[in-house]
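For reference, the structure is listed below as structure tokens.
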Amino acid sequence: MKINPLSTVSIKNYLEYYWLEKYIEKKVKSAFVENNFLTAEQFFSIIFWKSKRPAKRIRAGLLNVAIKELTEAIDKEKDHDAKLDILLKRDGFDIAMASAVLTILYPKIFTVYDYRVRDQLNKRIEKLNKGSKTKLEKVRDLSTVSNRQEKKKLYWEYVELVRSAGTELSLRDCDRALWAKSWYEDLQDFIGSVNKPSRKELEKDLQVSYDIQT
């Protein structure tokens, strides 16, 4: 039995969702610039891109407000802190998710708060602090900061640290490069652990050696 294939046109339309980051950075952002709001599909494509885990909680927290109204409010607000507040006040939005949405809409101003990038920044700070009399403070884990004003203040410090990571790069690419460096280091650590014999293997080798000698 043959299954009728989808037409070339209809299946091709779905390719753009495969490269989700490219889709939201181009099509979703362009739609926001043109219309001054996002549809539910466009908005939640950003949420799914960042993390699908809190999506249901975010949806539940938005039952009494339309996505169109929420994103129109973000567009009309000129103050960057206030844009953050609009999302942080909503259930399910931590600083990581709020910054992800705003990064897609305003990539020259906001950057995604991410633990991988934070760890890379702290490694850089540790290197700078070695042998230096003036010690730089490490980047704090913002998920542990309960005061919203303090959280926003620390977030903007984080943005500037990310921006300073590569003066020849855009803010968005600085974020990507730091994230990718963390990923690559994890890969190398994993490969190293794969190549190292386990304790059980070492004990087995020692036993074989002992049996040969005796």
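What's the number of the condition LYS138 fails, among (1) closer than 21 Å to LYS108 by Cα; (2) without any contact (Cβ under 8 Å) to a residue 40 or more places away in the chain?
Failed condition: (1).
So, in the range 86-124, exactly how many residues are aromatic (Phe, Trp, Tyr) and crowded, with 22+ Cβ neighbours inside 10 Å?
3
Which of the residues belonging to the range 113-146 are in contact with a helix residue (DSSP H, G or I) (Cβ under 9 Å, 6 or more places away or on another chain) and within 18 Å of ASP85 (Cβ to Cβ)?
Correct list: TYR113, LEU142, SER143, VAL145.
Report yes if some residue within the range 117-136 is more than 23 Å from ARG172 (Cβ to Cβ), part of a loop (DSSP other than H, G, I, E, B), assigned by TED's automatic domain parsing to the domain that holds LEU171 and among the acidic types (Asp, Glu); otherwise report no.
No, because not a single residue in the range 117-136 is more than 23 Å from ARG172 (Cβ to Cβ), part of a loop (DSSP other than H, G, I, E, B), assigned by TED's automatic domain parsing to the domain that holds LEU171 and among the acidic types (Asp, Glu).
Could you count how many residues in the range 42-63 are over 25 Å from SER146 (Cα atoms) and out of contact with any helix residue (DSSP H, G or I) (no Cβ under 9 Å at 6 or more places or on another chain)?
Residues flagged as over 25 Å from SER146 (Cα atoms) and out of contact with any helix residue (DSSP H, G or I) (no Cβ under 9 Å at 6 or more places or on another chain) within the range 42-63 amount to 0.
Are any residues in the range 84-105 closer than 16 Å to TYR158 by Cβ and without any contact (Cβ under 8 Å) to a residue 24 or more places away in the chain, and if so, which ones?
Hit for the range 84-105 is ALA98, nothing else.
Among what's in the range 48-69 and is in contact with a Lys or Arg (Cβ under 8 Å, 6 or more places away or on another chain) and not in a loop (DSSP other than H, G, I, E, B), pick the residue that is surrounded by the fewest Cβ atoms within 10 Å (Cβ to Cβ).
Step by step, filter the range 48-69, then rank; the result is GLY61.
Quick test for you: out of ASP94, ASP114, pick the one residue that is modelled with pLDDT under 95 and charged (D, E, K, R).
Answer to the check: ASP94.
Given the criteria of a type outside the set (Val, Ile, Thr), at pLDDT 95 or above and in the same structural domain as GLU126 (by TED's automatic domain parsing), does ARG199 qualify?
Spelling it out, it is not the case that ARG199 is of a type outside the set (Val, Ile, Thr), at pLDDT 95 or above and in the same structural domain as GLU126 (by TED's automatic domain parsing).
Could you list, in sequence order, the residues of the range 170-185 that are loosely packed, with under 14 Cβ neighbours inside 10 Å and either β-branched (Val, Ile, Thr) or over 21 Å from ALA96 (Cα atoms) (or both)?
Answer for the range 170-185, where residues must be loosely packed, with under 14 Cβ neighbours inside 10 Å and either β-branched (Val, Ile, Thr) or over 21 Å from ALA96 (Cα atoms) (or both): just TYR184.
The values are calculated or read from the model by the stated rules, or taken from the named source; none is laboratory data. The structure displayed is predicted, hence computed values, not measured ones. Backbone-built Cβ (ideal geometry, glycine too); neighbour counts: all protein chains shown.
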